[in-house]
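The values are calculated or read from the model by the stated rules, or taken from the named source; none is laboratory data. Note that the coordinates shown come from a computational prediction; the quantities given were computed from them, not determined experimentally. Quick reminder, even Gly has a Cβ in these numbers, built from the backbone with ideal geometry, and neighbours come from all protein chains shown. Each accessible area value is taken on the protein alone, full model and side chains, heavy atoms only, with ligands, DNA and RNA left out. Shrake-Rupley method; radii C 1.70, N 1.55, O 1.52, S 1.80 Å.
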Amino acid sequence: MFNTLPRKALISVSSFQGSIFPDGSKTGVFFTEALHPYQVLTAAGFEVDFASETGSFGFDEFSLTPPFLAGSDKAVYENANSPFMVKLTSHCMKASEVNSGQYGLFFASAGHAALYDYPQAKGLQAIALDVWNRGGVLGAVCHGPVLLPAIIDRKTGESVIAGKTVTGFTTEGEMVLNLLERLKSDGVSTVTEAVSKVGADYSSPMSAFDDYSVTAGRIITGTNPASARSAAERCVEPSTIHPRACSKDFCRSTPESLS
């Protein structure tokens, strides 16, 4: 089963864009949290598509400023003809129009925007569930893990992350960005709250902005923008894509979640 999954990945992006930051800046898709997974997956031989719940998106304005956008990442953003920019800006699909059977890997990119639409994004959730049910890999970074609680495992009747160790943007990080009270007033859950509510074991890095990612069988999560690349790299490890074929010593998955 695992050997026949399509070597094709779908990266989800948030449809939400709104002013939530103290200076009035808008949240949306955090640029590198979509770019870095795209780069890792394409380098690993995956064909990559993008989809949002509505088929539209906007970039997180915070993510387009230093130090979050610099060097080669900035060059990609400024080149409208780069493969990434063309694929995302011209070919982002509406979730309800996606043929989920084409994909063996689903990766939820983020930005604070994800807190506002992923928990209710039925189309994206349906795609992720189909990938999961066919033995595929689910990845998410930063605020992206808030999509996972609604993915219900048909074998257990519980969320696919119930009983598994996951990570995501920390509550400490929300406080550093002066956003915790805004999120509370808007009635949205933090990542920690969302995953803990369905029985996942939330794991936090030493520092809110450290590169930190976690493998739990076919569930991969990363903490923040600095973790987007490492989370995607974990998604394409042989021990993740083919968990039943890996040796005990080679497999980095946690033992409770190989299904």
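Key figures for this structure:
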| read-out | value |
| --- | --- |
| Shape category assigned to the range 166-212 from the gyration tensor of Cα positions, a/c cut at 1.5 | oblate |
| Distance histogram for the chain (every C-alpha pair counted, 10 angstrom bins, percent rounded to whole numbers) | 8, 34, 39, 17, 2, 0 |
| For the chain: lysine pairs under 24 Å (alpha-carbon distance), excluding those fewer than 8 apart on one chain | 20 |
| Net charge, residue 132 excluded, C-beta distance under 14 Å - Lys, Arg +1, Asp, Glu -1 | +2 |
| Estimated dipole of the chain in Debye, rounded to 20 [Cβ of Lys and Arg +1, of Asp and Glu -1, Cα centre] | 800 debye |
| Residues of the chain: accessible area per residue with a 1.4 Å probe, Å² | 41 Å² |
| Rg over Rh, two decimals, the range 56-182 (C-alpha only, Kirkwood Rh) | 0.99 |
| Average projection area in nm² (convex hull over Cα atoms of the range 203-242, one quarter of hull surface) | 2.5 nm² |
| As computed over the range 21-84, the Cα convex hull volume per residue (Å³) | 103 Å³ |
| Calculated from backbone phi, Karplus (6.51, -1.76, 1.60) coupling profile of the range 128-139 in Hz, x at Gly/Pro | 4, 5, 5, 4, 4, 5, 8, x, x, 9, 10, x |
| Computed helical MRE - 222 nm, the chain, DSSP H runs ≥ 4 contributing -39500 (n - 2.57), nearest 500 | -8000 deg cm²/dmol |
| Whole-percent pair-distance distribution, where bins are 10 Å wide, for the alpha carbons of the range 111-150 | 32, 56, 12 |
| Gain on full stretching of the segment that runs from residue 4 to residue 80 - 0.36 nm per residue minus C-alpha separation | 23.9 nm |
| Whole-Hz couplings from phi, Karplus 6.51/-1.76/1.60, listed for the range 107-112; x for Gly and Pro | 10, 8, 6, 8, x, 4 |
| Sites residue 54 and residue 175, calculated FRET efficiency, Cβ-Cβ separation with R0 45 Å, nearest 0.05 | 0.90 |
| Packing rank of 156-168, 185-197, 64-76, where each peptide gets the mean count of other beta carbons within 10 Å, highest leading | 156-168, 185-197, 64-76 |
| Under the Karplus curve 6.51 cos²θ - 1.76 cosθ + 1.60, θ = phi - 60°, whole-Hz ³J(HN,Hα) for the range 219-236, x wherever Gly or Pro sits | 10, 10, 9, x, 7, 7, x, 5, 9, 4, 5, 5, 5, 5, 5, 5, 4, 9 |
| Residues with amide H under 5 Å from that of residue 220, placed H, sequence gap 5 or more | 138, 139, 140 |
| Sum of side-chain charges, residue 62 neighbourhood, beta-carbon under 12 Å (Lys, Arg +1; Asp, Glu -1) | -3 |
| Whole-percent carbon and sulfur share, accessible surface of the chain, 1.4 Å | 52 percent |
| Paramagnetic reach from residue 72 in the range 228-242 [backbone N under 20 Å; point 7 Å along Cα→Cβ] | 228-237 |
| Gyration tensor (alpha-carbon) shape descriptor, the range 111-237, a/c threshold 1.5 | oblate |
| The range 1-127: radius of gyration over Cα atoms, expressed as a fraction of 2.2 N^0.38 Å | 1.05 |
